[in-house]
Structures are given as C-alpha cells and as structure tokens.
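The values are calculated or read from the model by the stated rules, or taken from the named source; none is laboratory data. The structure displayed is predicted, hence computed values, not measured ones. Ideal geometry is used to build each Cβ from the backbone, glycine not excepted, and the neighbour counts take in all protein chains shown.
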Amino acid sequence: MKKIKYAFLAAGCCMAILSFSFKEDLFLVSKNLDIFASLYKEININYVDDTNAPQLMKTGIDAMLDSLDPYTEYVPESEIEDYKLKYVSTQYGGIGASTVLIAGKLFVNEVSEGYPANKGEVKAGDQIVKINGVEVKGKERAEISQLLRGPKGTPVDLVLFREGKELQKKIIREEIKQPNVSYSGMVGDGVGYIKLDKFLENSGQEVKDALLNINKENPKGIILDLRNNGGGILQEAVKIVNLFVQKDQLIVTQKGKNLEKTIAYKTQYPPVALDVPLVVLVNANSASASEIVAGSLQDLDRAIVVGQRSYGKGLVQQTFNLPYNSLVKVTVAKYYTPSGRCIQKLDYTHKNADGVAERFADSTMMMFQTKAGRNVYSGNGVYPDVVVNADKLSPVTISMIGKNLFFNYANQYRKTNPKLESAKTFQLSDADYTAFVNTLADKDLTYQSKTERLLSDLRREAEKENKSAEVKADLENLKYKLTISKKTDVATHKSEIKRVLETQIVSRYFYERGRIEQSFQYDKELMAAKALFGNQPQMLAILKGDGNYKVIGKPIKETASLD
C-alpha cells in the first residue's frame, strides 16, 4: 500500500512540475509577444522615415526562422501559389515554355512537347520582347512568370524576335502538368528504367503506372533513378516503396518533440514488383523523400543503391495555416528508416559562431543493421552499396554554361540542320565541334581554375610572411604555364564539352525525352546498374553483405559532384 501511495505522490510531483513548466513557457511566450508587438508599433509610429509595415514584419519573421533550419519558412499570401507549385502540385496554367535571361534580354530556353508554345511554333532561341503588351525588359523573373501564367483558356499575346524579324503570337494557356516521372521505359538488355524527378502529388501513382507498363516486358531488372530529386511528400515516398515490398512492412518512422508528430508509416497494399531485381540511383542532390525510398529499400535489402552519397536531409516538415491566407512550414520531426537510422547530415541545433550548421561529428554516427545484417550508419546521408564517382565539370565548361555559349550554338545548329535521325545515338561530329570552337574566338571565356585559385592563395601567404621577393620568379613562371595550359582547355576537355553541347542540341529536336535518351550513352551510373543485372552472383553477394561499398573508379570524396 505504501508503494502505491509513493507512486501516486511521485506522479503528483511530476504533474506539478510539468504544469509549472508549461505555465512558465506560456508566460515567456506571452511576455515576448507583448515586447515584439510594442516594438513593432513604436518603430512604425516613430521611425524617422516611412516604413513598409508588411515588409518589416516579414523581415523580422524571416530572421527569427533563420535561427532554426532552412526548411522552416513563412509564406505570405502573395507567395502561396508559387509555394504550392514548388512543394505540392505539379499543375498550373501556362504556355509550356521555360525562359532564360541573357544580357538583360529574355529568351525561350526550351519548349515542352505538345503544349501551347510548341503548338504555336514558339522555338528555343526566340527572344520575348512583350507579353500581353508589357515590355519584359527590366522585369524580374517572378514578374515574368506571373505574366506568362494564368487561368486555362486565357490568351497570351507574345511579341518575339527571331533572326532579326518581329513575330506576333497568340497562345492560349492550357493546364500545364509537370510529371513527377519524366521518363520511363526499357533501356536495353531487358532492363526497365523509371526517372522520378520529385515526390509531389500523384507521384506514387505515376511510378506505379510506369512500373505496370515495364512489367509487360518481363524485365530482368528495374532501375529507379532518384538522382537530383530533392524530395517532396513523405506519404508518396511510402507508396513508392510499397510497390516493391510486402504489405504491412515498416518503411519510415517520424519522431518529434510533440508526441502527435510521432508516426510510423507502413505499406498498405500488395506490391506490384516484389521479386524483380531493383537498383536505385542516387547522388549528392538526392534528398529527403528520395533518401526515404533509397534508405528503406537498402535497409530491407530489397534494392542495391548505386551512385554517390545522398544529400543527408532527415527532417520532416508540416504546414500550418496562419491568418490572412498565409502559412508557415515547420520542421516537426526527424525520420528514421526501418533499421532505426536517421540520415540527417547537418546539426541545426548547435551552429558555430558564424551561425552556420556543421556536419554531425563522426563520433556521433551510429551503426545499424539491415534486415539481412548488413551494416549501415546514421548521419551524412545514404551511402551507396556501389559507388560510382561523379564527374566534376571543368572551369572552362562551367564558364561556357554561365555565358550561355552552348545555348546560342544549339540554336544556330538547329537552323542549319533541320533534322536529326535519332536522339539515342546522336553525337556531335569532330567537324561540328571544330565549328563550335571557332565561334568562341570573340567570346569572353575568362575563368579561374582551381590551380589558379591555389596560386593566388600562395601569393597572399607569401606576402603575409614577407617572402614575396624570394618566390616571385617561381610564381610568375607558374602563372605563365597556367595561362598557356588554359589555352588548350577547350581541347583537353573536348569530350566533356561535347556532352553538354549535345544535350542542348538534342533538346531542340526531341525535347526533354530526347535529352534524357541521348544522355544514356554516357551515363556511368546507368551502366553500372545494368552490369549488376548481368551478374546475379555479385548482386546476391552485395545484398548478403559480402560486397558492401564496392567502388567503381577512384575512391569517393566526401561530397560528390554532379555530372
């Protein structure tokens, strides 16, 4: 009886402490809100110059949220539609064309096959001068998007310049659907392929539809490509995993401070492809929902993950409505894959003196085991079972991209070459590459190579240590050699430059689908995945833990670069 009394007494004490703590929290919240409201009022009334009250408030809110993580954000009413398009829906009213600003001028970058701009014969390279009578010169990108988008069925009047001639186009807006699955089909050797770009509404159904079509071909393996997929809706990730694993299987658990945010997500339906060998492609830009899919399929030993270490976002966000049609997106939980690991890379709770979140220390990483007993680790993203090192673009190629030199040449190539036979096999001839190089003669290709940056650092250090005179001759000699070397960069990086240029050219003829198909001939991760399907003993060895972390190429760096 005494034990029961003591138990009730202890429980009562805990309740009293919690109640006191809760009341104290409420007092602190109320106190600080009063201070903030009073400060906001005094600034608006007494500040020497006029203030923009809404902007002042948004600045204060943004500064407050910046102290947390980059995923917790305030969305005012004016930005709601853009928010929905980015994080929720894949549909909007528009003409189906992307644009690019070059030297202050607006050009059509690419048109989507089958949509209004394409039907109206708007072409990549066309300069847009006016939209519905409004000159676009000097307009911000957000303003331009607002001019092009609008309700389905409404007209857009465009004034274009093409080859020195002015063109008038009346385009009728349609509902533009940006699919989550940008490509699916067979990619040779009996292998099916699904490229998933995002996890927005209906992504689970899109992957299912693609999978059902591929299943008709009796594939010997399936590749799910999540490279450069920044994530989206968690529930859609669960639906996609469900296509490959049994019903009632735990896929992911989210855990938050608020117990109501602690939820375990299990598969709810019979699978569509339970036994077909599966490879998931990831890279450094595969994040969030992509990592849930890759991490859970890895933990369940259902798929082999190929590529580079993923981004490392193990956080879950939820939106809450605020007054006056605004909202706030709040990080409410961390998520954990079936083995129990959280792959969050950055520690936003303990930022450094500069307010920058750093990686969790290696000492905090914990080892977990997959269903078959393979070792996997928390923190720093999902590490692939087969590592394929990413190609890092050279400074000369990056400079060309930034100066839109590929864009301009692709437009010219399309004018002089009315037809391409095939996207899948297209390669730029040496003669065409020489023609491209000749167009660079009067172009500014100024850029700084990594070696030049190191040389500049060395020069500064020498000055700090008063040794400039001693090493001046050596530094100048090295600078001269680097200058000579840069003149040959266009030849040295020919194969890389050709690949980027080919991508631009193919899109002028075969749009996005053709661009993807053309890239397959250079895709190292795709080749590695297809090789696995041709080597069943190796696949089984990896899934059993006998072949973990096989590296193709040089040892992987901590942060892999994009192709």
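Worth a mention:
- When residues of the range 109-148 are limited to those that are more than 21 Å from residue 512 (Cα to Cα) and surrounded by 15 or more Cβ atoms within 10 Å (Cβ to Cβ), the one nearest to the chain's Cα centre (by Cα): 144
- Options 318, 246: the member that is assigned to a strand (DSSP E or B), surrounded by fewer than 24 Cβ atoms within 10 Å (Cβ to Cβ), out of contact with any His (no Cβ under 7 Å at 6 or more places or on another chain) and not aliphatic (A, V, I, L, M): 318
Condition check ((1) part of a helix (DSSP H, G or I); (2) of a type outside the set (Val, Ile, Thr)) across all residues:
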position: 143; (1), (2): yes, yes
position: 171; (1), (2): no, no
position: 176; (1), (2): no, no
position: 183; (1), (2): no, yes
position: 189; (1), (2): no, yes
position: 194; (1), (2): no, no
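- Residue in the range 283-290 that is free of Cβ contacts under 8 Å to residues at least 24 places away in the same chain and outside any loop (DSSP other than H, G, I, E, B) present: no
- Selected residue (criterion: nearest to residue 263 (Cα to Cα)) from residues of the range 328-358 that are free of Cβ contacts under 8 Å to residues at least 24 places away in the same chain and part of a strand (DSSP E or B): 347
- Residues of the range 72-99 satisfying the condition of being more than 21 Å from residue 197 (Cα to Cα) and in a strand (DSSP E or B): 73, 74, 75
A quick yes/no check of all residues on (1) touching a residue at least 60 places away in the same chain (Cβ under 8 Å); (2) of a type outside the set (A, V, I, L, M); (3) in contact with a Ser or Thr (Cβ under 6 Å, 6 or more places away or on another chain):
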| residue | (1), (2), (3) |
| --- | --- |
| 161 | no, yes, no |
| 172 | no, no, no |
| 185 | no, yes, no |
| 211 | yes, no, no |
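- Failed item in (1) under 30 Å from residue 216 (Cα atoms); (2) under 23 Å from the mean Cα position of the chain (by Cα); (3) part of a loop (DSSP other than H, G, I, E, B), with residue 296 passing the rest: (3)
- The listed residue being within 30 Å of residue 79 (Cα to Cα), part of a loop (DSSP other than H, G, I, E, B) and either small (Gly, Ala, Ser) or at pLDDT 95 or above (or both), out of 312, 373, 379: 312
- Here residue 425 clears all of (1) in a loop (DSSP other than H, G, I, E, B); (2) at pLDDT below 75; (3) surrounded by fewer than 12 Cβ atoms within 10 Å (Cβ to Cβ) except the condition numbered (2).
- Qualifying residues in the range 507-530 (those that are crowded, with 16+ Cβ neighbours inside 10 Å and free of Cβ contacts under 8 Å to residues at least 60 places away in the same chain) - the one nearest to residue 390 (Cα to Cα): 523
- Qualifying residue in the range 54-67 (condition: outside any helix (DSSP H, G or I) and touching a strand residue (DSSP E or B) at 6+ places or on another chain (Cβ under 9 Å)): no
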